[in-house]
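Here is the structure we will look at, set down as structure tokens.
Read-outs: derived from the displayed coordinates by stated rules, not from any lab. Because the structure is predicted, anything quoted here is derived from the model rather than measured. Cβ placement follows ideal geometry from the backbone for every residue including glycine, while neighbour counts extend to all protein chains displayed.
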Amino acid sequence: KQEVTQIPAALSVPEGENLVLNCSFTDSAIYNLQWFRQDPGKGLTSLLLIQSSQREQTSGRLNASLDKSSGRSTLYIAASQPGDSATYLCAHSNSGYALNFGKGTSLLVTP
Amino acid sequence: ETGVTQTPRHLVMGMTNKKSLKCEQHLGHNAMYWYKQSAKKPLELMFVYSLEERVENNSVPSRFSPECPNSSHLFLHLHTLQPEDSALYLCASSQDGAGGQKTDTQYFGPGTRLTVL
């Protein structure tokens, strides 16, 4: 079964810092990789989707990269804000219906 | 209503009860999903329906019974649950491309927080 690991499990940073969240996966047969955000007790919000043919995607202050050969993806958040506080989930798809999720990185941005 | 909606948002039930979770998507998608999110564990896919046909069942116990009457609605019927079934149940939808290619992201509802006593 596909294993998806996210590091760190939790992160606390002061407002304004740039930060990197890491995701690694064991199955190199990747179809796409997605990053989601989940607020406490809420559903998931899709942030970025990277197809296997792509190396990165950008949306506002967020940039996600994909390195298939090493089985890694990173989510870069620039100039972090308190409103960015949430759990960030990485999900790998190998073309089937299933998204294989990591346990997430819990981010706290303090004012 | 927009996006993916789920009702109820919270549910407390006894082990002998029968209840149903409802999901509705307003995005015109053709695939719908049930996920389970337990504390300290990654999201687990339970069921997938594509074009109203069940295409995936991830070894889910029979006390969970899905139903997809049309492409916009998905139900999860619950009976004789166990306390370890307490979790956040999330519904999602997506648009399948031609040939079963999963070209689009999945859109999630807010979830139903289920507590089994």
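Counting DSSP beta bridges with both partners in the protein assembly as shown, what percentage is antiparallel, nearest 5? Of those bridges, close to 90 percent are antiparallel. Distance from the C-alpha centroid of segment A:32-76 to that of segment B:1-27: 28 Å, rounded to the whole angstrom.
The charge dipole of the protein assembly as shown, taken about the Cα centre with unit charges on the Cβ atoms of Lys, Arg (+1) and Asp, Glu (-1), comes to about 440 debye, rounded to the nearest 20. For chain A, the fraction of C-alpha pairs more than 15 angstrom apart is 60%.
If you take the beta carbon distance between residue B:51 and residue B:26 as r and set R0 to 22 Å, what does 1/(1 + (r/R0)^6) give as a FRET efficiency, to the nearest 0.05? It comes to 0.80. Summing Cβ point charges (Lys, Arg +1; Asp, Glu -1) relative to the Cα centre of segment A:1-102 gives a dipole of roughly 200 debye.
Summary value for chain A: 37 percent relative contact order, contacts being C-alpha pairs under 8 angstrom separated by 6+ residues. The value of relative contact order for chain B, using C-alpha pairs under 8 Å at least six residues apart, is 35 percent.
Could you please tell me the mean projected area of the C-alpha convex hull for the protein assembly as shown, averaged over all directions and given in square nanometres to one decimal? Directional mean of the projected Cα hull area for the protein assembly as shown stands at 12.5 nm². Most simply put, chain A has about 90% antiparallel DSSP beta bridges, counting only bridges with both residues inside it.
Unpaired Cys in chain B, meaning no second Cys C-beta under 4.7 Å: B:68. Projecting the Cα positions of A:92, A:63, A:76 onto the charge dipole of segment A:10-111 (unit charges on Cβ atoms of Lys, Arg, Asp and Glu, taken about the Cα centre) puts A:92 furthest along the positive direction. Taking the Kirkwood radius as Rh and the Cα radius of gyration as Rg, segment B:1-88 has a ratio of Rg/Rh equal to 0.95. Among A:19, B:89, A:109, pick out the residue whose Cα is farthest towards the positive end of the charge dipole of the protein assembly as shown, where Lys and Arg carry +1 and Asp and Glu carry -1 on C-beta, about the Cα centre. In the protein assembly as shown, that residue is B:89.
Within chain B, antiparallel bridges make up roughly 90 percent of the DSSP beta bridges whose residues both belong there.
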